[in-house]
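Read the structure below first, then the notes.
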Amino acid sequence: MNENKNGHKVLVAYDTEAGSTIEIADFIGNVLSENGDIVEIKNVSETVDLTSYDRIIIGSPIRYDKWMSNASKFVKNNQAILSKMPVAFFFTCAVLAQKNDKTARQVKGYSDKIYDIAPLVIPVSMGEIAGVLDYSKLSFGLTMILKLYLFIIRIKDRDGEIGKEGDYRDWDAIRSWVESIDFG
Ligand SMILES: Cc1cc2nc3c(=O)[nH]c(=O)nc-3n(C[C@H](O)[C@H](O)[C@H](O)COP(=O)(O)O)c2cc1C
């Protein structure tokens, strides 16, 4: 992407539960703008004319091993057009707070599920981004369910750290990923 100084129009479409992925989408947008692109950031639920963009980056948090449903719907519903455009995907998740073989396996499973959403859409890159775990941003019910869910992952993978609150976003790594995307 480093040769990309000629103002491509890029859409960064995101989904979010608690808001931290919006900040990631904004950051991605800033990196692209610094590199000369014209960027729009939109929630995947907003109606947009995708034909007005040269490139699209789509990202969502992982929710119970999958992208959030509106992100999946966005890709499925726009499969025909996205299959003809340069597209990159990313996901944010909690397990990447710890980088080891076990989380790598888990994260590979997340990627595989995202690739399966719309097989005609072949992203040029899949950004794997450690996200934020902030239980205060979630309802009591969701917090309980999520804690239980991450506890099960923790037991299954014998990883004592998974589920600990924190902001695990590594902005340098996110920048490197964005700058490494080769849209062709
Ligand atoms: C209901 C729920 C389910 C989640 N499921 C997973 C999961 O299966 N694996 C994982 O690594 N993280 C999981 N997470 C963590 C989120 O992916 C992570 O906190 C993300 O950074 C949240 O982004 P947001 O602030 O934009 O919503 C889950 C979070 C919630 C709220």
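The values are calculated or read from the model by the stated rules, or taken from the named source; none is laboratory data. Quick caveat, the model's predicted, so the values are computed rather than measured. Here the Cβ positions follow ideal geometry from the backbone for every residue, glycine too, while neighbour counts run over all protein chains shown. The area values use the complete protein model at the heavy-atom level, side chains included, leaving out ligands, DNA and RNA. Shrake-Rupley method; radii C 1.70, N 1.55, O 1.52, S 1.80 Å.
Brief remarks follow.
- Residue selection: Asp37 fails the criterion of being away from the ligand (no atom under 12 Å from the Cβ) and open to solvent by 60 Å² or more (accessible area, probe 1.4 Å).
Let's see how each residue does on (1) without any contact (Cβ under 8 Å) to a residue 60 or more places away in the chain; (2) within 9 Å of the ligand (Cβ to nearest atom); (3) under 17 Å from Cys93 (Cα atoms):
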position: Pro119; (1), (2), (3): yes, no, no
position: Asp134; (1), (2), (3): no, yes, yes
position: Tyr149; (1), (2), (3): no, yes, yes
position: Trp171; (1), (2), (3): no, no, yes
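- Index of the failed condition, Ile155 passing every other in (1) without any contact (Cβ under 8 Å) to a residue 24 or more places away in the chain; (2) within 10 Å of the ligand (Cβ to nearest atom): (2)
- Subset tally (residues that are surrounded by fewer than 18 Cβ atoms within 10 Å (Cβ to Cβ) and aromatic (Phe, Trp, Tyr)) for region 64-85: 1
- You will find that of Ala71, Ala104, Ala80, the residue that is assigned to a helix (DSSP H, G or I), more than 10 Å from the ligand (Cβ to nearest atom) and within 17 Å of Asp170 (Cα to Cα) is Ala104 and no other.
- Scanning region 40-54 for residues that are open to solvent by 20 Å² or more (accessible area, probe 1.4 Å) and either touching a His at 6+ places or on another chain (Cβ under 9 Å) or closer than 25 Å to Ala94 by Cβ (or both) yields Ile41, Lys42, Asn43, Ser45, Asp54.
- Subset of region 83-96 (residues that are within 8 Å of the ligand (Cβ to nearest atom) and either in contact (Cβ under 8 Å) with a residue 60 or more places away in the chain or under 22 Å from Phe183 (Cβ atoms) (or both)): Phe91, Thr92, Ala94, Val95, Leu96
- Taken as a whole, the condition of being more than 11 Å from the chain's Cα centre (by Cα) and under 24 Å from Asp172 (Cα atoms) applies to Leu32.
- Against the numbered list (1) of a type outside the set (D, E, K, R); (2) without any contact (Cβ under 8 Å) to a residue 40 or more places away in the chain; (3) outside any loop (DSSP other than H, G, I, E, B), Ile114 comes up short only at (2).
- Options Thr92, Thr103, Thr143: the member that is within 13 Å of the chain's Cα centre (by Cα) and of a type in the set (Ser, Thr, Tyr): Thr92
- Residue in region 3-23 that is open to solvent by 20 Å² or more (accessible area, probe 1.4 Å), in a strand (DSSP E or B) and either within 16 Å of the ligand (Cβ to nearest atom) or charged (D, E, K, R) (or both) present: yes
- Selection status of Gly141, closer than 15 Å to Ala18 by Cα and not in a loop (DSSP other than H, G, I, E, B): yes
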